[in-house]
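The values are calculated or read from the model by the stated rules, or taken from the named source; none is laboratory data. Note that this is a predicted model, so its numbers are computed, not measured. Heads up, the Cβs are rebuilt from the backbone with ideal geometry, glycines too, and the neighbour counts pull from every protein chain shown.
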Amino acid sequence: MALQRYTKSVDGTIPIQALMYNDEELISTQDGIGIYDGLQKSLDHQSGTVHTTSQRLFYIDATKKASRSFSLPLSHISKTDYYAGLFSSSPKVTLHLSLEDPASEEPSGFGSWECEVCAYRNPPGLSPSAARVCALCGVPRSLPAKSASSSASSEVPQPSIDSSFSTSASTSALPQRFRKPSSISCPACTFLNHPSMQTCEICSTPLPKASGDHTQAKSAPTTRPTTPGLNDNDIESKMLKLSFRKGGDKVFYTALKRSLKGRTWEITPSNAGTNGARSGISGIMQAVETNAQNRDTDMSNALQDLEALMVKAKDMVRLAAELNERLTASSTTTANDPYSSVLSSTPTEPEEATFIRSSLSQLGLQMENTPVTLDMMKDEREWMEQLARELANILQGSEKVSSSSSGGMMKKRGIIALDEVWGGWNRARGVALIPPLTFLQVIPHLPAFTNPTITSRTLNSGLAVLHTPPYSRAAFAARICGLLALAGPKSTTEIAQEEGITIGLTVEMLIIVEEDGDVCRDDGQSVIQEKKGDILVLGEVNWWANLFIGYTWDGQE
Amino acid sequence: MALSTHTTTTGFLLPSIHSAPPFFTQQPHPSSLSIATEQWIQIILKYSRHRRLFTIRVEDSETTGHDWDEVLRNERINRKVLPSYLSYILAQMVSQKLAAYEPPKQDRSVLIYWRLPEEWAEVLHEWVSSTGHLNTIMTFYEITDPPIESPLSGLPIPLLRQAITILSKTNRAQIIAIADGEGVRFFPSTGKA
C-alpha cells in the first residue's frame, strides 16, 4: 500500500542523472537493496539499487528496470529508523511516511510552462518546488483553479468527458485511466469511499470497482467525508523499509539523513531570491545597505536623547535665572530700599540667599546678562573681548554678587582643567554655545580681565589647565621647595593634600618641578621590608629637596 | 634633614648620602642621576678595596648573605638598590674603564678595577722581585695563593693574566706552558722607564 500511495513509477533504463530535476543533485548510491512494503517484502523490488538525491529517493530494479523502478519524494518521509542487522537478517532502514499536502506539490501540467509576467518559458526539468516560481523573474506561478478536486489530482490530463459526469454515473463505459481513482463514490449514499473498499462504509452497498470521476461533487456532509486509510494495517501502510543485502547501510543512512535535513523541497519563492544573494556583489550591497540603515537608526536615536537633554538644560538655566531674580527681589524688599535695582545687592542680604547664589555661580549657572553672541557685536575683536569678560566673570564671580572677590568656578581652587571650564561656561550660557575653537581663542584675552590673572598652561601629559599665578611653574616649584625644606620629605598624597589639588595633577606638577632639578624622588619600590609588624609601609613616591646638588664625598678615603 | 655617615661592622665608613632614601632610587633627572651614580661608583670602588673584593654581580642586589650587603642595602632607612639601577651603575663603571665584564660578552657580573691592570702589573713585579722569584718559573697558583699574605692574594686569574700580558710587553714576564697548567717567568726590569 505504501508503495502504491507514495511512490511514483519511473523508467529505470534511463540513467539516474537524466531522471533528476535540474536543481536536484545525487548524494549517495547503494546496490543490493530489497524493499519492504510495510512489514512484508515487496516481491517486485528485491534486488536493486537505491539512489538518494536532494529531493527524492530512487529505486532502480536490477532485473526489470523499466517496470519495477520507482521514486519517492523525500518530503513524504516523516521519520527514519535504523536497524543494524543480526546474524542473517540484514541491516534495514525504515522510512515512516506521511502524505503532506500532495496537492501543492504537483502543479497541474508538469512540463514547460510560460510565465505570465515575463513570458519566459520555464523548462520542464525543474523539481516541483522550483517549478512553483518562474526561473527568470521569480514570480510564483499561479496554479489554475481547481474546482473541488480530489485530494490527489492526477497528472494525466483528464478527459473532458469526466467533468460532465454526475456522482450517480453508471459504473460502465468509463474512460481508461492510468491509475486507480482516488475514491469511489457509493451509488446509494454518495459517500466517497477509499478506492480499495469493496462495500460502502456507511450503507454497506457493494461498490463498483472503479467508479466515480475526478471532478466529483462533494458527498453528503458527514463527520468525515472520506474513509481514512484501511485500519488494519494503518501503521504499516505508512512504512517502507530498505534492506541492505550488500552492506553500505551506515553511509547511506547518514547521507539520507543529511538530505532530509536539507529539506530542499521546501524552498519557498521568497527564500529562493534572497538565498542566492548572500554572496557576490548583491550580497555586499545588501550588507552595505543594512549597515547604513542601522547607522542611521542609531544616529537618530542618539540625537533624540541629546535634544531631550538640551531641552532640560534650557529649563534649568531658566529656573536658575528666575531663582536669582526672586532672590534679588526678596532681598531688596527686605532691605526696604526704594531705589533698589536688580543689580545692586545690600550687605544685609540674608545668608541663605548668598549661599544659594554662590553655589549657583560655582556650578557656572549664574549669568547676569544674556550671553554674548557674534551678532551682538559688530567687531570680532570686540566680541572676543566681551567673551573674555564673560568668561572671567564665570571663573571668578562678580564682586557685586558676593562679598568675597573670588566667587565663581575658581572660588576654591587656583587651577582647573580646560574641559571643566568649557563645560561650565556653556552650561551657564544655556543657548548659543561656544565651540571649542572660539574658546581657545578667548583664553589669551583672559589675563586682561581677571584679577588675579588667569593664564593657560599645558602640562606634560597634554592636559591643559587654567591657573592663577600661585600655580605657575616657578611659583609652584618655589612653594614646594619651601615646603620640603620646612617639613622634610613628603609623599605625593601629603603634598596633594597640602596644595588642595588632585593627586594626578600633583604628580604632573611635581614631575615638572623635578625636571627643573629642584626636587629628587625616593621611590617606595626600594623598600626592603614592606611590613613592620602590622603596619604596611606604602610603596609610594616621596619627594625630597634635591640633595645631590653640591654634595661632597664624606665617606672613607 | 641632617644625614650622617655610618661605619659598617667591617670598619668601612659610608658617606652621609648613603643614609638618604633618594640615593637608592634611580633619578629621572639626568644631572641628579649622574651625581648619584658617581657617588655609587666611589662607594663600590672604595669598599672593594677595603674588603679586597674583586667582582660584583647584578644578582647581589637581589639576594642577601654575601659581601655586598652592607653597601647595597641600608636596613636603617629600609631601602635597597634595585637590580635595574645596579645594572645601570655597572654599565657606567665599565664605560669609565673602572670595571670589565667578566666573563666577557655578558652584562651581569663585572671585575672591579679598584686598581688598574697597569698598577697590578707593577705590584706584581715588585712582589716577585722582593720575594726573590725572579728568573724562576712560577705557577699562577703560587702567585695568587702564597703561604705568606701578599698584596696579590686572592687575585682573580683573568686579572693576573692581564697584568702578566702588560709585563710581557715590556719584557719583564713570559708565559710558559708547564705540566699542570700554566707558568710564568719574571725577568728583572732593565731599568728603562
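Some observations on this one:
- Qualifying position, being over 19 Å from A:Asp554 (Cα atoms), of a type in the set (A, V, I, L, M, F, W, C) and not assigned by TED's automatic domain parsing to the domain that holds B:Leu159, among B:Leu86, B:Leu14, B:Leu72: B:Leu86
- In this entry, B:Ile148 is excluded by the filter for residues that are surrounded by fewer than 15 Cβ atoms within 10 Å (Cβ to Cβ), in the same structural domain as B:Gln162 (by TED's automatic domain parsing) and touching a strand residue (DSSP E or B) at 6+ places or on another chain (Cβ under 8 Å).
- Condition check for A:Val10: closer than 17 Å to A:Leu256 by Cα and either touching a strand residue (DSSP E or B) at 6+ places or on another chain (Cβ under 9 Å) or surrounded by fewer than 14 Cβ atoms within 10 Å (Cβ to Cβ) (or both): no
- Selection of the stretch A:21-33 for residues being of a type outside the set (S, T, N, Q), buried (at least 19 other Cβ atoms within 10 Å of the Cβ) and under 25 Å from A:Gly247 (Cβ atoms) yields only A:Ile33.
- If you check A:Leu446, A:Leu433 for being of a type outside the set (Gly, Ala, Ser) and farther than 12 Å from A:Glu390 by Cα, only one passes: A:Leu433.
- Condition check for B:Ile164: in contact with a strand residue (DSSP E or B) (Cβ under 6 Å, 6 or more places away or on another chain) and among the β-branched types (Val, Ile, Thr): yes
- Residue in the stretch A:419-442 that is surrounded by 13 or more Cβ atoms within 10 Å (Cβ to Cβ), at pLDDT 80 or above, more than 14 Å from chain B (Cβ to nearest Cβ) and touching a Ser or Thr at 6+ places or on another chain (Cβ under 6 Å) present: no
- Condition check for B:Ala99: buried (at least 20 other Cβ atoms within 10 Å of the Cβ), of a type in the set (A, V, I, L, M) and over 30 Å from A:Ile512 (Cα atoms): yes
- Of the residues making up the stretch A:426-458, those that are free of Cβ contacts under 8 Å to residues at least 60 places away in the same chain and of a type in the set (Val, Ile, Thr) are A:Ile434, A:Thr438, A:Val442, A:Ile443, A:Thr450, A:Thr453, A:Thr455, A:Thr458.
- Restricting attention to the stretch A:34-44, the residues that are crowded, with 19+ Cβ neighbours inside 10 Å and either modelled with pLDDT under 85 or touching a His at 6+ places or on another chain (Cβ under 6 Å) (or both) total 1.
- Every pair of residues 6+ apart whose Cβ atoms lie under 6 Å, when the first sits in the stretch B:19-31 and is at the interface with another protein chain (Cβ under 7 Å from one of its Cβ atoms) while the second is assigned to a loop (DSSP other than H, G, I, E, B) and of a type in the set (A, V, I, L, M): B:Ala20/A:Leu547; B:Ala20/B:Leu3; B:Pro21/B:Ile77; B:Phe24/B:Val81
- When the helices (runs of 4 or more DSSP H) confined to the stretch A:421-502 are screened for residues that are under 26 Å from A:Asp522 (Cα atoms) and among the acidic types (Asp, Glu), those reaching at least 3 such residues are found at A:492-499.
- B:Asn78 meets all of the listed conditions (1) modelled with pLDDT of 85 or more; (2) in contact with a strand residue (DSSP E or B) (Cβ under 9 Å, 6 or more places away or on another chain) but one, namely (1).
- In the stretch B:72-93, the residues that are in contact (Cβ under 8 Å) with a residue 40 or more places away in the chain and over 11 Å from B:Phe24 (Cβ atoms): B:Arg76, B:Ser84, B:Tyr88, B:Ile89, B:Gln92, B:Met93
- Leading residue by the ranking (surrounded by the fewest Cβ atoms within 10 Å (Cβ to Cβ)) among those in the stretch B:1-14 that are at the interface with chain A (Cβ under 7 Å from one of its Cβ atoms) and in a loop (DSSP other than H, G, I, E, B): B:Met1
- Criterion: facing another protein chain (nearest Cβ under 8 Å) and either without any contact (Cβ under 8 Å) to a residue 12 or more places away in the chain or touching a helix residue (DSSP H, G or I) at 6+ places or on another chain (Cβ under 7 Å) (or both) - qualifying residue of B:Ile43, B:Ile56: B:Ile43
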